[in-house]
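Trainee: Can you keep this structure in mind? I'll have questions shortly.
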Amino acid sequence: MPLPRCVALLLILASLSVRAQALPPEVEAALARGGLPVDAVTVLVADADAALPPRVSHRTEVAVNPASIAKLATTVAALELLGPAFTWTTGVYLDGPVRDGTLHGDLYLKGGGDPKLVAERLWLLLRRVQGLGIRFIAGDIVLDRSAFEAVAADPAAFDGEPLRPYNAAPDALLVNFRSLVLTFTPQAGQARVHVEPPLAGVRIPSTVPLSRVACGDWRGGLKADFSEPARIRFAGAYPAACGERAWPLAYADPAAFAGRAIAGTWHEVGGRLGGRVRDGSVPPGLAPAFEWHSPPLAEIVRDLNKYSNNVMAQQVFLTLSLQQHGTGTLEGSREVLRRWWRDRIGGPDVPNFGNGSGLSREERISARQLGALLQLAWRSPLMPELLSSLPLAGVDGTMRRARGDGAGLAHLKTGSLRDVAGVAGFVHGASGRRYVLVAIANHAHAAAIRPAIAALVEWTARDR
């Protein structure tokens, strides 16, 4: 006797629910090969439009540390709250008259949180200052950083790597991510050393000897000494076999970096300074001579997510409260993000947000919450801006080295810390459907999840 239609439907739904809990066999096999227990991972595969039950739902209610995957919440909220065309401004103020090429007074630069005031854009800004007829500043260059609260940060506190650019702290007047790039170019029996941006008052050798060793640990072979921020030394040599190489570094004295870079670049464009570079505040009532605009948020989000730039993410995060409360603070931005989450996603709980970048041991979010965030983004008119910002598996950004049959089929934000590894994003299925995919491991051997992620992407794409 055939089952009633309603009973049959319930049995089908129950079957779907049971099957949705199981990890695909190839994913389980990859985890086993890596020695990663299944109870150390959380996995979700579901329709991007939320029209069907999840295909995979494994420990999706467990709150885990997402590492840089946390940038998804920051960027989706920023696109909605600020808008993709939002730009940051750096105000330029003249406190004195300009006569015969001289500013008889101080030049003020008021930071507005621009995440991309990189070396070439700083050069253009200072050339614009010269366009006002200024070649000599008789007074000081004064840096106003009051738009953001001072975020107390020890660059060595997180992982003991203070010179890694990803450990740079945010700043209302963030210049070149508080980082410099040393470029080594073999030439006529020695390696030329070029530094960008130029840093006033910092002595750096213009050349280092060449060696004939293989290009292995070339950085270690240089025997660099960064113990004195105003003087960089090299006691070793650079392997000729390396060709030209670049070494990005966070500056050893972060608080002094903007001043040194601005003074050095002002000198490089032919400007002269009678005073010094110092911190201060724009005098009340002084109108800007001009405002320098950043690239739009949509472009910032692309750089931020493609290359998982921590300090850019923190700049965007602090801007959320700057725009709503007049000052960018960590707690203010957390509250803005929590309120946005309740309004747009809802649910019984809200993730534990940190500083917007995921460079945190306290941040927590579940795969279910990440899936809801991605489904919201998919339905949004701003979906193209977010999707194009995510690394394309096997092609670019932090996913460029991904291998397997899933290359080119997934836009995934990566996350990686000690004991944390994972991805979250979108996969294009063979049927033409899009899926949200979340896979995160919190475990001492978390990095072993990467082959399982490749297997999961391939399995998700094979949906015919």
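The values are calculated or read from the model by the stated rules, or taken from the named source; none is laboratory data. Quick caveat, the model's predicted, so the values are computed rather than measured. Counting neighbours? That spans all protein chains shown, and the Cβs are built from the backbone with ideal geometry, glycine included. For the accessible areas, the whole protein counts, side chains as well, though only heavy atoms, and no ligand, DNA or RNA atoms are used. Shrake-Rupley method; radii C 1.70, N 1.55, O 1.52, S 1.80 Å.
Trainee: Please go through (1) open to solvent by less than 40 Å² (accessible area, probe 1.4 Å); (2) at pLDDT 95 or above; (3) of a type in the set (A, V, I, L, M) for Ala402 and return the number of the only condition it doesn't satisfy.
Mentor: (2)
Trainee: Something else now. Taking the stretch 364-381 as the search range and keeping residues that are open to solvent by 10 Å² or more (accessible area, probe 1.4 Å) and assigned to a loop (DSSP other than H, G, I, E, B), which one is farthest from Ser333 (Cα to Cα)?
Mentor: That would be Pro381.
Trainee: Tell me, which residue of the stretch 315-329 that is open to solvent by 30 Å² or more (accessible area, probe 1.4 Å) and not in a helix (DSSP H, G or I) is farthest from Val175 (Cα to Cα)?
Mentor: Step by step, filter the stretch 315-329, then rank; the result is Gly326.
Trainee: Still on this structure: Within the stretch 207-249, restricting attention to residues that are exposed (fewer than 15 other Cβ atoms within 10 Å of the Cβ) and over 21 Å from Arg164 (Cβ atoms), which residue is nearest to the chain's Cα centre (by Cα)?
Mentor: Glu244
Trainee: Suppose the filter is in a loop (DSSP other than H, G, I, E, B), surrounded by fewer than 21 Cβ atoms within 10 Å (Cβ to Cβ) and out of contact with any helix residue (DSSP H, G or I) (no Cβ under 7 Å at 6 or more places or on another chain); does Leu124 pass it?
Mentor: no
Trainee: Among the residues of the stretch 420-458, write down those that are assigned to a strand (DSSP E or B) and either modelled with pLDDT under 95 or surrounded by fewer than 24 Cβ atoms within 10 Å (Cβ to Cβ) (or both).
Mentor: Val420, Phe426, His428, Arg434, Asn442
Trainee: Among the listed residues Phe184, Phe177, identify the single one that is in contact (Cβ under 8 Å) with a residue 60 or more places away in the chain, touching a Phe, Trp or Tyr at 6+ places or on another chain (Cβ under 7 Å) and within 23 Å of Glu268 (Cβ to Cβ).
Mentor: After ruling out the rest, the residue left standing is Phe184.
Trainee: Further, regarding this structure: With respect to Ala169, is the statement that it is of a type in the set (A, V, I, L, M, F, W, C), at pLDDT below 95, part of a loop (DSSP other than H, G, I, E, B) and outside the structural domain of Val316 (by the TED database) true?
Mentor: yes
Trainee: Then there's this: Residues in the stretch 382-395: is at least one more than 20 Å from Asn65 (Cα to Cα), open to solvent by 20 Å² or more (accessible area, probe 1.4 Å) and free of Cβ contacts under 8 Å to residues at least 12 places away in the same chain?
Mentor: Yes; the residues of the stretch 382-395 include at least one that is more than 20 Å from Asn65 (Cα to Cα), open to solvent by 20 Å² or more (accessible area, probe 1.4 Å) and free of Cβ contacts under 8 Å to residues at least 12 places away in the same chain.
Trainee: Sticking with this one: Among what's in the stretch 335-355 and is under 21 Å from the mean Cα position of the chain (by Cα) and not in a helix (DSSP H, G or I), pick the residue that is farthest from Tyr166 (Cα to Cα).
Mentor: Among those that are under 21 Å from the mean Cα position of the chain (by Cα) and not in a helix (DSSP H, G or I), it is Pro351.
Trainee: Which one is surrounded by the most Cβ atoms within 10 Å (Cβ to Cβ) among residues in the stretch 64-109 that are touching a Ser or Thr at 6+ places or on another chain (Cβ under 7 Å) and part of a strand (DSSP E or B)?
Mentor: Result: Leu109.
Trainee: Being without any contact (Cβ under 8 Å) to a residue 40 or more places away in the chain and closer than 26 Å to Val423 by Cβ: is that true of Leu81 here?
Mentor: no
Trainee: If Ala258 passes every condition in (1) modelled with pLDDT under 95; (2) open to solvent by less than 30 Å² (accessible area, probe 1.4 Å) but one, which one does it miss?
Mentor: For Ala258, the failing item is (1).
Trainee: Here's something else I'd like to know. Consider Ala252 carefully, then state whether it is open to solvent by 40 Å² or more (accessible area, probe 1.4 Å), assigned by the TED database to the domain that holds Gly113 and in contact with a Pro (Cβ under 7 Å, 6 or more places away or on another chain).
Mentor: yes
Trainee: Then there is this: Take the conditions in a loop (DSSP other than H, G, I, E, B) and either at pLDDT 95 or above or touching a Phe, Trp or Tyr at 6+ places or on another chain (Cβ under 7 Å) (or both) and apply them to Gly113. Does it pass?
Mentor: When the stated conditions are applied, Gly113 passes them.
Trainee: Given the structure, is Ser366 in contact (Cβ under 8 Å) with a residue 60 or more places away in the chain, farther than 18 Å from Ala51 by Cα and under 18 Å from the mean Cα position of the chain (by Cα)?
Mentor: Judged against the criteria, Ser366 is not a match.
Trainee: Further question on the same structure: Restricting to the stretch 190-206, and then to whatever is in contact with a Phe, Trp or Tyr (Cβ under 9 Å, 6 or more places away or on another chain) and assigned to a strand (DSSP E or B), can you tell me which residue is least open to solvent (accessible area, probe 1.4 Å)?
Mentor: Per the stated criteria, the residue is Ala191.
Trainee: Then there's this: Residues Gly332, Gly358: which one is under 17 Å from Val438 (Cα atoms) and either open to solvent by 60 Å² or more (accessible area, probe 1.4 Å) or within 21 Å of the chain's Cα centre (by Cα) (or both)?
Mentor: On inspection, the qualifying residue turns out to be Gly358.
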